[in-house]
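This report concerns only the one structure given below.
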Amino acid sequence: MTARWARLPHPEPAPARTRPYDLVKEFVIALVAVSLLTVALAAVFGAPDERPVTIRSWAQADPADFLSTAFAELDGSSATATYGPPYNSAADGQKIGPVGLAKLVGVRRPIDTADDFVLTPLSDAPQNPDVASALATYKNAGADQQGALRKQYADATTAAKGDPTQIPADTAGPVQILLNQLLSQAQAGSLDGQLLSSGGFYQSDYTKPLLFLNDGTYLAGLADDRHLSGDQWGMMNETGNYPGQPWLWLYTFWYQISPFDHTANADALIWGLMAVLTVGFVLVPFIPGVRSIPRYVPLYRLIWRDHYRSERRL
Amino acid sequence: MSAPPISPGLAAPVNLNHTGHYLHWGVVQISVANLAVVGIMVLVFLLALVLPFPRGRGRDE
Amino acid sequence: MSDQNVPSSVAGTGAGGWTGVVRRRAVRAFPPDRLLPDEQPSWVASWIYVFGVLTLSALCVVLATGGVLALKGPAWWHISSTGRYVNSLHLWSVELFMAFMVVHLWGKFFMAAWRGRRAMTWITGAVAFLASVGTAFTGYLVQQNFDSQWIAGQAKDGLNSVGIGGYFNVLDFGQMLMWHIVLLPLALGLLTVWHILLVRRRGVVPPIPLDAGSADEGDPS
């Protein structure tokens, strides 16, 4: 039921008074003004364009992080390996209360991090006999044996104070040989292409290299320096001093407060909340209370002050 | 990785590619650039309400 | 508005078939002086009214600069200073578009501009705003720079958490480019046309009655 103040007769009576209003002229003037303003802003401020990180630049800048990440991919302990849908079934994915939409949709982009990020790129490249033999040893080993080989590398990393680049050569078994070779391929730049390739010639899907890159701490460190992290309202932000997407303020706001800042289901809960708020925004005209705000915040008196003044005169 | 991909001689006169400036109030963090944009929008909105609109010649007046 | 204002050749009742029905309906809904009026009610006298047309103008600049970027392909603006400038034009026209649209939105909210069978005008505008947010977001994803990498990595979690990521993969550059330059602009364009036609059809909303604020009826909803 529409409130009395908001009710209008149907059909609406023609306005008592009109004024000439040249819509086309208004549009042309606005178009010219906006074009000039755009030209000026672009000329003065330009645009941000920070070069992307490549697997190569990552492996060169932070080989320890690359090796740790590659080990986590092989070990099945990386963020991607433990992600769940749509990449694998290692987890159920996030839930809104009892509802797990992620699980419902299922594994639609299957990724086996050990195979896709480590073993296949090694198998696909021509290797020297040491690497070929290490690869054969690892691939032919049973699950338990593979676990023991990985543990050997993990223990060596711990002994090297967590820095896998400091493990003495040929002391940590086949996994060390494999990961060092993967590091060489990455530093040479060939791993970028191998992760992207899906067997065809043309490529446009960066899911694998981006997931691998995001599993490391290098990219996140750069983003944190630039205030782009989730807990820094990063969604709104842009590199440098450029304005970003300030219209995402409400979405990013929820990530800063309890309970969303410490629940494992934060993304799903915030998406659910934003979905409800979005429907509310679209349906403002039908929501009691919200649709009455304009009446109580009398900005309309300012907007139509001339009209009210002349009405009073009459 | 922060090197501009094209010659710096062609860069914009006001270079916004330096490290960003951020303001913090408790839970709120916002970049100076975003705050400037929002501030300008609010200012423009208020000006649009307050500034007198050019008076057209009313047809029936 | 009566059919007498419409040339008989247009309103012609004689036209038959589906075409005739569509033509009669179109002309009845949008007689020329309603589609492109040369006068407005006297209350249309505030700067707040120009933000709709400013938004539309900015959208035209966004589409034109995006069109130039499309002509030259996605790598152009990383390797050419002209391309970089056109990309800057695209960025700043988007900033202007979003800013004008939000000021327009604030203005229309505080005018309660959905009154008098104008709810659909509000709804199409609100959905156009959401489509713009999505278009801008996919634009950030297809810049092929550090920003894109980071935004894609972050955004995937939100989308995956509710099952959208299986279909709408922000890590797939090709898919996101298609959304950004075909599907979303098409949706936004159609919404914009619909929104503007509704504004022309229903006319500009009349002022809120002045005694409304003092009427003693509690929450009027």
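The values are calculated or read from the model by the stated rules, or taken from the named source; none is laboratory data. The shown structure was predicted, so the numbers you read here are calculated from the model rather than taken from an experiment. Cβ placement follows ideal geometry from the backbone for every residue including glycine, while neighbour counts extend to all protein chains displayed.
A few points about this structure:
- Only one of the numbered conditions (1) modelled with pLDDT under 95; (2) crowded, with 17+ Cβ neighbours inside 10 Å is not met by residue A:272, and that is (1).
- Qualifying helices (runs of 4 or more DSSP H) (wholly inside segment A:105-211; at least 1 residues being closer than 13 Å to residue A:74 by Cβ): A:120-124, A:129-140, A:143-159, A:173-188
- Among the residues of segment A:13-21, none qualifies, meaning not one is among the polar types (S, T, N, Q), over 29 Å from residue A:237 (Cα atoms), surrounded by 18 or more Cβ atoms within 10 Å (Cβ to Cβ) and more than 7 Å from every other protein chain (Cβ to nearest Cβ).
- Here residue C:221 passes the criteria (1) touching a Ser or Thr at 6+ places or on another chain (Cβ under 9 Å); (2) within 7 Å of chain A (Cβ to nearest Cβ); (3) at pLDDT 95 or above except the one numbered (3).
- Test: residue in segment A:64-74 that is in contact with a Phe, Trp or Tyr (Cβ under 6 Å, 6 or more places away or on another chain) and part of a loop (DSSP other than H, G, I, E, B): no
- Helices (runs of 4 or more DSSP H) contained entirely in segment C:27-81, each with at least 2 residues that are more than 24 Å from the chain's Cα centre (by Cα) and not aromatic (Phe, Trp, Tyr): C:76-79
- Residue tally, condition closer than 30 Å to residue A:17 by Cα, more than 7 Å from every other protein chain (Cβ to nearest Cβ) and touching a helix residue (DSSP H, G or I) at 6+ places or on another chain (Cβ under 9 Å), over segment A:257-310: 3
- Any chance residue A:56 is in contact with a Gly (Cβ under 6 Å, 6 or more places away or on another chain), surrounded by fewer than 16 Cβ atoms within 10 Å (Cβ to Cβ) and on the phi < 0 side of the Ramachandran plot: no
- Condition check for residue C:112: buried (at least 23 other Cβ atoms within 10 Å of the Cβ) and either assigned to a helix (DSSP H, G or I) or modelled with pLDDT of 95 or more (or both): yes
Listed here are the residues, each with its yes/no results for (1) crowded, with 21+ Cβ neighbours inside 10 Å; (2) modelled with pLDDT under 95; (3) not in a helix (DSSP H, G or I).
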position	(1), (2), (3)
A:231	no, yes, no
A:261	no, yes, yes
A:268	yes, no, no
A:276	no, no, no
A:285	no, no, no
A:306	no, yes, no
A:311	no, yes, no
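- Selection status of residue C:46, touching a Phe, Trp or Tyr at 6+ places or on another chain (Cβ under 8 Å) and facing chain A (nearest Cβ under 9 Å): yes
- Residues of segment A:96-112 satisfying the condition of being under 19 Å from the mean Cα position of the chain (by Cα) and touching a residue at least 60 places away in the same chain (Cβ under 8 Å): A:101, A:102, A:109, A:111
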